[in-house]
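Student: After the structure tokens below, expect a handful of questions from me.
Since every read-out is calculated from the coordinates, none of them should be taken as a lab result. Because the structure is predicted, anything quoted here is derived from the model rather than measured. As a convention, Cβ positions derive from the backbone with ideal geometry for all residues, glycine included, and neighbour counts pool all protein chains shown.
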Amino acid sequence: MSNNKLIVVLGATGKQANADEHEQGASVVATFLATPGWKVRAITRNPDKPSGRALAERGVEVVKADTNDVASLTAAFTGAHAIFAVTDFWAPFFDPASQAKLAPRQTLNACSRRRTFHAVLPVLAGLERFVFSTLPGGRKWSGGKYQWIYHFDGKQAAVDYLKESLPELAAKTSYVNLGLYLTNELEMPVLMPKKVAEDTGAFVKAAVELPPQSNLLAYSEMASWAEYVKTFEEVTGISVHYQSVTIEQIAALLPQNNIGREAGEVNLFTEELGWHGGDPSMLFLEDLAKLGHPVKTTSLKEWMASQDWSNLRN
């Protein structure tokens, strides 16, 4: 019988259109497959789809469960020493049928996250660490100044619910706050963390190893828009021009579900308070190194040099 510990991973498979959340899980799977003493179980709605079969071929135990079905999640979590949880914000956000079911200011993700939390409770006794992918709430950390950052606020609401309503689970929980993915080509004009998706697993591993209730800012490199452009030009030889726009201009360009206004407020929020929102509990890369858990990340220049930019030269 194997004495390896078990980590259960949500978000290990999924549609490419919702890659941000699913790339998180995929990176966690890869990291723990390569970590001695651990085995990996991945949760998916359909183990027979190609992404599920590919994981199984790599030695991952792939099980069927659904975030809408608490009993199925609890069964999938059984025996876990660690759980990594992430939910997909964007698919329900752009689904009219899903949005029609919500009360004012309610979010589908808040409902999904609460179900995930409650699914963990029956297996809590054997669980060592629950790692939750989150972000600092714009409304909370700005004192109500920014009201439209649904992506951040939904995750913050879930964390607040966890801490207030489920203290026994919260006592075993740590958090990873992910920066913007470098695969999002057009970044924001402020100093903020850029994140290579493949680096996510290293931060989750640190969150599992650190004491519970650790709060990590997961990023590969801090860079302003100007620094991003300068590095891009140095690596590719392609000249780039960028200009600032107002929230109103972004809102008009992306009107669906006020996503443009949200994007604009994320700019202002991170420019004023940083990607961590000013949360004093957030651990940066240098903090992790001091705590004896250094995380090796991919630099902005390394990532850019690894990409194919030929389509921009045509």
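Student: Structure shown: which of 205/290; 145/290; 140/205; 5/163; 39/172 lie over 23 Å apart, alpha-carbon to alpha-carbon?
Tutor: Details: 205/290 16 Å; 145/290 34 Å; 140/205 28 Å; 5/163 26 Å; 39/172 20 Å.
Beyond 23 Å between Cα atoms: 145/290; 140/205; 5/163.
Student: Hey, can you grab everything whose amide H is under 5 Å from the amide H of residue 293? Only 5+ residues off in sequence or another chain; H modelled, so Pro and N-termini drop out.
Tutor: It is none; the list stays empty.
Student: Please report the equivalent ellipsoid semi-axes of the range 110-156, computed as sqrt(5 x eigenvalue) of the Cα gyration tensor, largest first, in whole Å. Present the calculation step by step, with values, prior to reporting the outcome.
Tutor: Working: eigenvalues 156, 23, 10 Å².
Each semi-axis is the square root of five times an eigenvalue, giving 28, 11, 7 Å.
Student: Of the peptides 284-290, 274-280, how do they stack up when ordered by the mean number of other Cβ atoms within 10 Å, highest first? Provide the component values of the computation, followed by the final result.
Tutor: On the way: 284-290: 14.1, 274-280: 17.9.
Ranked from most to least packed, the peptides come out as 274-280, 284-290.
Student: In whole Hz, what ³J(HN,Hα) sequence does the range 52-67 give by Karplus (6.51, -1.76, 1.60; θ = phi - 60°), x for Gly and Pro?
Tutor: x, 5, 5, 5, 4, 5, 8, x, 8, 7, 9, 10, 8, 6, 9, 5
Student: I would also like to ask the following. For the range 194-273, run through the chymotrypsin sites (Phe, Trp or Tyr not before Pro) and keep only the ones in DSSP coil with at most 12 other Cβ atoms within 10 Å of their Cβ. Please list the in-between numbers first.
Tutor: Numbers: sites: 203, 219, 225, 228, 232, 242, 269; in loops: 219, 242.
Hits after loop and neighbour filter: 242.
Student: Which ³J(HN,Hα) values in Hz, rounded to whole numbers, follow from the phi angles of the range 278-289 under the Karplus curve 6.51 cos²θ - 1.76 cosθ + 1.60, where θ = phi - 60° and Gly and Pro get x?
Tutor: Using θ = phi - 60°, the values come out as x, 5, x, 7, 6, 9, 8, 4, 5, 5, 4, 5 Hz.
Student: Run the dipole for the range 116-180 about the Cα centre, Lys and Arg Cβ at +1, Asp and Glu Cβ at -1, nothing else charged, and hand back the magnitude in debye, nearest 20.
Tutor: Numbers: 7 positive and 5 negative charges, 43 e Å.
Roughly 200 debye for the range 116-180.
Student: Amide H of residue 137 versus every other amide H placed in the peptide plane: which residues, excluding those fewer than 5 positions away on the same chain, fall under 5 Å?
Tutor: Excluding prolines and chain starts, which carry no amide H, the hits are 156.
Student: Going by amide H atoms built from the backbone, whose H comes under 5 Å of the H on residue 309, apart from near neighbours?
Tutor: Distant-sequence amide H within range of residue 309: zero hits.
Student: Take every Cα-Cα pair in the range 227-314 and report what % of them are more than 15 Å apart. Kindly include the intermediate steps, with their values, before the conclusion.
Tutor: Numbers: 2848 of 3828 pairs.
When all Cα pairs of the range 227-314 are counted, 74 percent exceed 15 Å.
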